[in-house]
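Every number here is computed from the coordinates shown, using simple stated rules; none is lab data. Computed from a predicted model, the values in this text were never measured in an experiment. Note that we place each Cβ from the backbone using ideal geometry, even for glycine, and neighbour counts take in every protein chain shown.
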Amino acid sequence: MDRRALLAGGAVLAAGVGAAATALVRGGDGGRAAAPPPEPPVPFFGARQAGVTAPQQPATQLLALDLAPAAASDGRAALRGLLGELTRILAEAAGGTSADARLRGGEPARLDGLVGVGPGLATRLGLNVPAQVLAELPAFPGDRLDPARGGGDLLLQLCAADRWPLSVVAEQVTAAAGAAGATVRWTQSGFLPRTTGGATPRNLFGFKDGTANPDEDAARQWVWGPPGPYEHGTVLVYRRIRMDTAAFAALPADRRELAMGRRAGDGAPLTGTAEHDEPDIYAKNPDGSYVIPATAHVRLSSPRLDGGARMLRRGYSYDDGPGDRGLLFCAFMRDPAQFTRVQNRLAARDALNAFLEHTASAVVYVLPGAPEGGVLGAGLFG
Ligand code: HEM
């Protein structure tokens, strides 16, 4: 897997890929498939949390927690204790050392995850987080946000090859939260199609989603914090966006592609021939109109309209029943103002708007990773 795909997270680690490949290798045992080698675990400890850096896996679960109201000093102690427990749960699940028999002995869970702190908690407890993360996102035109499905003091995102270990770990997280006087505010699960060879997964409109993501240099500038205490932290913006997939699918194919600014088949921009060609938002047709129309999604979200700023998008689809399917937009960036600028442009005139409804929102400061044997969030309490 090349570095770009790795960082972009566009490569969905297909748990079945290794298995399928090795199943083709026949041993001298009468043609029975050789046992696939176990997939290596995703290391938990490191400068940055694996839930941002590991290749995207096909299943995700988000869990938001609210801490019990408490005086600042008690609240800080409760938070410290809870972060210690969350570190233990995630490290054990990632390393295959959980005391929970369900996570041992079988297939390794290959879980990765992240923990972030919401603006409300950071403000209440006077935590060390970047100043720009102390405010909630502004309201955007067209928002239909359900507060019970968004916000929260802490946000965890768990990812794995399938949902099974996510449910087990979510149960452990819920128990640890309860013991610390915290409650689960909301949960949301999501999925991606399994892809092979680093291919970009498709969203429920059928388009490749996650193509134009920053490379390492751009990520250092736009995704991770500046050198200093927040260098290995980032900000997660989460939006639950309902998609009218039937109405979009009913559009003629060329209208769908003009709305997106890319081709559905190979994901190439309308101005290019290959998926990773840079969209040329200034290219014109002979009649003077833009090749990528004025209201196309990739024009309005283009870094060229934003001083080159890029966010790392690692979205998932969700399906909560008829009429409630869509995208869990998950994007990482140094400053949530990046999201606000793009979303203001999209909300004003994105051709996709007729098919979208933003139903929930959250923003959190994603903590730097924990060093080997350390605890997440140690820098919050200086
Ligand atoms: C359900 C809603 C959405 C859908 C279906 C969608 C879909 C897509 C697709 C198919 C692409 C082109 C392929 C790619 O580069 O990944 C794209 C690009 C992009 N989208 Fe979205 N998107 C949605 C919402 C949003 C939102 C809310 C934002 C941010 C406010 C956003 C920001 C971007 C950005 C920054 C790009 C890359 C532009 C570039 O660098 O060329 N998208 N999106």
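Some observations on this one:
- Segment 139-196 - Kirkwood radius from inverse mean 1/r over Cα pairs (Å): 13.7
- Average projection area in nm² (convex hull over Cα atoms of the chain, one quarter of hull surface): 20.8
- Using alpha carbons only: equivalent-ellipsoid semi-axes of segment 229-382, gyration tensor based, whole Å: 33, 20, 14
- Its DSSP H runs of at least 4 residues, each contributing -39,500 (n - 2.57), put the calculated 222 nm mean residue ellipticity of the chain at -8000 deg cm²/dmol, to the nearest 500.
- Note: relative contact order over the chain, using C-alpha pairs below 8 Å and six or more positions apart, is 25 percent.
- Separation of segment 228-263 from segment 156-223 is 16 Å, based on Cα centroids.
- Modelled spin labels at Ala148 and Leu305, positioned 7 Å past Cα toward Cβ, are 3.6 nm from each other.
- Only one residue of Gly75, Ala351, Gln172 has its Cα farthest out toward the positive end of the dipole of segment 50-381, where Lys and Arg carry +1 and Asp and Glu -1 on Cβ, and that residue is Ala351.
- Burial ordering of Met260, Met333, fewest other beta-carbon atoms within 10 Å first: Met333, Met260
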